[in-house]
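The values are calculated or read from the model by the stated rules, or taken from the named source; none is laboratory data. What you see is a predicted model, and the numbers here were worked out from it, not measured in a lab. Glycine gets a Cβ as well: all are built from the backbone with ideal geometry, and neighbour counts include every protein chain shown.
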Amino acid sequence: MTPTLNLWLIPVLPLAGAAINGFFGKKSSRTAVSTIALVFCGAAFAWALRVAWHFSSVSLPYQEYLAHWIRISGFTADFAFYLDQLSLVMLLVVTGVGFLIHVYSVGYMWDDPGYYRFFSYLNLFMFFMLTLVLANNYLLMFIGWEGVGLASYLLIGFWFTKDSAASAGKKAFIVNRIGDFGFLIGLFLLIQHFGSLNFADVFEKIRPIAPETAGAGLLTAIGILLMVGACGKSAQIPLYVWLPDAMEGPTPVSALIHAATMVTAGVYMVARSHVIFERAPGALTVVAIIGTLTALFAATIGITQTDIKKVLAYSTVSQLGYMFMACGVGAFSAGIFHLMTHAFFKGLLFLAAGSVIHAVGGEQDMRKMGGLRTYIPWTFLTMGIATLAIAGIPPFAGFWSKDEILWKAYQANWIYWLIGLVTAFITSFYMFRLLFMTFFGDYHGHQVDAHGHARPAHGHDDHSHGEPHESPAVMLVPLMILAVLSVVGGLVGIGNGFEHFLAPVFGTGEAASAAGEGASHGMELLLMFVSVLVAASGAVLAWVLYVSKAYLPQKIADTLGGFYSAVLNKYYVDELYAALFVKPLVDGSTHILWQGVDRKVIDDSINDAADGALHVSDNVRHMQSGNLRSYAGWIAAGSAVVIAYMIWLGVGR
Amino acid sequence: MVPLSYYLVLSGILFACGVVGFLIKRNIITIFMSIELMLNGVNLSFVAFAAHWHALAGQVFVFFVMVVAAAEATVGLAIIIAVYRTRETLNVDQVNLLKL
């Protein structure tokens, strides 16, 4: 018998937390606020664990109907939830990592005046993200999709008194809307041609369709449109520009939303729609190319950044590119595997970076750090583990997932593999660069006035700052747990265990590639060896450039000249977008829509109509002479006309 | 038997007298009497039709019109007295406060 899982509790619990903190948090103490946030988020995690515990005893995919939503002449979208292996993985990652980040935030945000607001938003985000993950139809998923966008907007602009934070929030929101436009049109096409948005129904109807190998058809169009949506949410070329700016938000937000969970929603959506993509090779190729290019492109920008969070942001974009590359070559389970390990180590990296920023009193510029490993050993240790994980050094988590992706990419097309490998090298290089610049060498913090650069809402600048100081335990414990997960998280992938777990979702395509795998096992080992070598050499290069011969980077930068400054300025993509899209839009809106249409057409027509009415009335009012007999005369004359007309009618007949 | 048309012509003449009186007279009382004349002109046509068609409804109507006219006369005279008390005139051309 299938036990009742009550999946609906998982999203609703954080919603309750958000509501309580949002409505009553202002008057509550910090302890009460954090207790409520942690209890509700923790309860969701506990419930997710319970679901995982009973997972083997339910028939999959498990569907749970909660309430009616939309039912119009054959089209149905309900509040209903859908659980299979894929959503279970996402569920555990989101609630687990989310809970750890909640715990961390208790320490990190303690001195912020918007404490209750922060936790309310954070819980709200959890609600929407879990709705996204658990939805059983695209429309409910879209609700979650938009909801996380909203939470992201609120949290990026959390310090809204800062202009840059407010505009970064707007930028994220607007860029995401562009992606959502594609997503929505994809959904409309699905409704038009398949009459449903329920995953089960849609996929049932699509399965018999043959792959569109020759030319592009309906499924390719839908696939590409969904991909556009995923590009926005998951920060892929050309819509990645919002993610680096999103670092204006508090660091736990960057960890939770802009690294571990929300930005992976696009990958989840593509993986969820794998039935569509598998029958649309054209769309898959687009996914793979965009993913590969994004991975390389963002990684190169990551090399030159000096803001610790910006490096991590570009690294996130790059890693998301890996996931898309995996999905694009049909290795959806590898993509989800990397999504999971990435959630661990990138969440950890951001939290550790937050701990560093906390330690040095709000400074984010790595050039003003250095030598911190003696001051904050625990942060150093955990961040080191995360760096090893993301660089792909065995046996850390990132190695297993990244290697899986590279291997699948190699099977599909060696060019993907080659670019992926180059990216892996760059990744390793810039991550170790970050580590060395931050923790090795001498501390540069004394030379500058750290107070001037303190985050506005960060209270630590008051009591600082002779020495950087280690963070409190409430921040360190989540770091350590995530560090452990970053070490062992990849082990589930050994022997394709993770792939087999997800096989019921992704079906036969995976099984076929698994069959081909045994034949070339030696090749796989060789590639694995190459990628480890590449990762290690990236680390060594970083050591040479940033520790042993620290004068070299400047020289190299000078030699490269224009190219270096192009990379430093993020290839001028923001400027390009501003010139191509933003400026024409603003100018057009100002001169044509505002001054032209709004002022001249709409305002003037209304004003003229009012003036005309006034003018006419002014003339007509003289008819009101006040002379009783003239009124009576008008009435009599009118009656006479009516009577004459009636007589005429009578005579005419 | 007097033909119906005679009654109707008389009724029309009475009504026209009322209208003309209403339009050319300035004294409120006279105007008031003109109104009564119009009402009774109409009454006459009602009873004429009622007799001609042997239908009772017209006669019933006349009773209603007379009752309403009586009520109107009461109210109207009261207004006229009030106007005279405040303005000391019965000339309608001087009762023009509503004029803009």
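Applying the condition of being within 14 Å of another protein chain (Cβ to nearest Cβ), hydrophobic (A, V, I, L, M, F, W, C) and part of a helix (DSSP H, G or I) to segment B:57-91 and asking which residue is nearest to B:Met33 (Cα to Cα) yields B:Ile80.
Determine, yes or no, whether A:Met109 is among the hydrophobic types (A, V, I, L, M, F, W, C), over 15 Å from A:Leu9 (Cα atoms) and touching a helix residue (DSSP H, G or I) at 6+ places or on another chain (Cβ under 6 Å). Yes; evaluated as a whole, the condition is true for this residue. Taken together, A:Gly354, A:Gly398, A:Gly361 contain a single residue that is in contact with a Ser or Thr (Cβ under 7 Å, 6 or more places away or on another chain) and modelled with pLDDT under 85, which is A:Gly361. Counting only helices (runs of 4 or more DSSP H) that fall entirely inside segment A:583-653 and contain at least 1 residues that are surrounded by 10 or more Cβ atoms within 10 Å (Cβ to Cβ) and within 14 Å of chain B (Cβ to nearest Cβ), the qualifying elements are A:628-652. Please indicate, with yes or no, whether at least one residue in segment A:358-366 is crowded, with 24+ Cβ neighbours inside 10 Å, in contact with a Phe, Trp or Tyr (Cβ under 9 Å, 6 or more places away or on another chain) and under 22 Å from A:Leu320 (Cα atoms). No; the residues of segment A:358-366 include none that is crowded, with 24+ Cβ neighbours inside 10 Å, in contact with a Phe, Trp or Tyr (Cβ under 9 Å, 6 or more places away or on another chain) and under 22 Å from A:Leu320 (Cα atoms). Name the residues in segment A:6-34 that are of a type outside the set (A, V, I, L, M, F, W, C) and over 17 Å from A:Tyr121 (Cβ atoms), would you? Scanning segment A:6-34 gives A:Asn6, A:Lys27, A:Ser29, A:Thr31. Being of a type in the set (Lys, Arg) and part of a loop (DSSP other than H, G, I, E, B), is that true of even one residue in segment A:262-272? Within segment A:262-272, not a single residue is of a type in the set (Lys, Arg) and part of a loop (DSSP other than H, G, I, E, B).
Would you confirm whether any residue within segment A:92-99 is over 24 Å from A:Gly347 (Cα atoms), surrounded by fewer than 23 Cβ atoms within 10 Å (Cβ to Cβ), touching a residue at least 12 places away in the same chain (Cβ under 8 Å) and not aliphatic (A, V, I, L, M)? The answer is no; no qualifying residue exists. Number of residues in segment A:48-73 that are closer than 21 Å to A:Leu140 by Cβ and not in a strand (DSSP E or B): the value is 6. When B:Gln94 is tested against (1) surrounded by 14 or more Cβ atoms within 10 Å (Cβ to Cβ); (2) within 14 Å of chain A (Cβ to nearest Cβ), only condition (1) is not met.
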